[in-house]
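Report on one structure; see the data block that follows.
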Amino acid sequence: QIKTTKATYPRDLHKIFSCLLNISLDQVTLYFAHIFLPESFTSSRTKATMNSKKDTNTQLKAAIVVLGVSTVGLLSTTVKLALNPDSNARGHAVVSSATNEERELAGYALETIFSKATNVCADKKIPLDNVDCVHQPGPQAGANVTKGFKGLLEVDVTPNTKNYWQSSMCPVNVHWHLGTEHYSVGEYDENGSGPNGNVEVPYRRKLAEGEVQDGFRCHHYDENDEKFTRPYEWKHCKGMVVGETYEVHWPHSAAGACGTANQYQTPFYDGVFCNLDLETLQTLAPQDIASAVGVQGQIFTIVNDDSYYYPDLIRGWVVDAEMGMGQDIAIYTGSTTGESRSNEICSSYSPITW
């Protein structure tokens, strides 16, 4: 059907419905005849006159039904063409060799559908150099989130304890770390395990093979349980390993391009500062920043078991009271993290809420 120049109504419409409903053209025609020609049309003229009002209503209802079925049918056909791999392959082949006129006639406008728009957040990161921790610009992201643990650094900035959306903040990125950046005794620590072992000493994360900075593991891994060992063919999360522990981060910002096509950014700093320039940043008090920029962090052990399936990790962490997820939360003021920071070198992107 791709090479058809123009559709002629109603013949080609019947063809579409014939294909869609998987019945013959004659059956489709009879179906429409049944809708358009109610029983009163075959009765006497007198009966038709007496029931004219009823017939009119019937016709109107029938027309609405036909229009509804037509809309759903055409939409289903469009979706099928978009999702059917063979159809896509044929469609691309035709489009690549067709003229613009032929593409228009065939209903293909890939250039306009998939054209790249301007990314208004590109290169919006405000560059701030790391500093030595003696002259730290503000609170830093503490590693130890063990319940009851007390840090030694006194700060006068409080974290944002609301749901981030209540402060007009939206996620601007989602990324993950092999092992955990944070440390919680008995949950994810040096005594956890995974298919690639674990790190040994708290607070000292080391480089693993392939220049991946390693972290701590949870205590769930069981090498004798197939759901922790059965490989999975990843389509998007390249490099992930079943049985491993990952800490997933969702940076949020009230200055992000929230609710637009530019909301999610890589690097995430572009998303955080999308609608904020240096001049404006310098007018903000530390508490203003901690209340408007934050990160959600949640830790997972990957299993190959559909009973644990969750369909969406893009829009934020999982909140599930029955599973105990997103319930017992450690909240504090800190900074951005990363391999360039340590107990000696601190981040200037501070304070933010964790």
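The values are calculated or read from the model by the stated rules, or taken from the named source; none is laboratory data. Every value quoted in this text rests on a predicted model; they were computed, and no experiment measured them. Cβ placement follows ideal geometry from the backbone for every residue including glycine, while neighbour counts extend to all protein chains displayed. Side chains are part of the model used for accessible areas, which takes the heavy atoms of the whole protein and leaves out ligands, DNA and RNA. Shrake-Rupley method; radii C 1.70, N 1.55, O 1.52, S 1.80 Å.
In the context of the full set of protein chains, the stretch 212-354 has a per residue accessible area of 54 Å² (1.4 Å probe). Determine which residues of the stretch 245-260 fall in the zone a paramagnetic label at Lys162 would reach in this model, i.e. backbone nitrogen under 13 Å from the point 7 Å along Cα→Cβ. Once the point is set 7 Å along Cα→Cβ of Lys162, 254 turn out to lie under 13 Å by backbone N, inside the stretch 245-260.
Label-to-label distance for Asn144 and Ala117 is 4.8 nm, based on points extended 7 Å past Cα in the beta-carbon direction.
Put a dot 7 Å past the Cα of Ile331, heading toward its Cβ, do the same for Leu284, and the two dots end up 1.8 nm apart. Sorting 146-156, 336-346, 223-233 by their mean Cβ neighbour count within 10 Å, with the most densely packed peptide first, gives 336-346, 223-233, 146-156. When each of the peptides 257-269, 235-247 is scored by the mean number of other C-beta atoms lying within 10 Å of its residues, the order from highest to lowest reads 257-269, 235-247.
Taking 0.36 nm per residue of separation and subtracting the current Cα-Cα distance, fully stretching the chain between Cys133 and Glu190 would add 18.0 nm.
Our estimate of slack between Thr260 and Ile345, defined as 0.36 nm per intervening residue step minus the Cα-Cα distance, is 27.1 nm.
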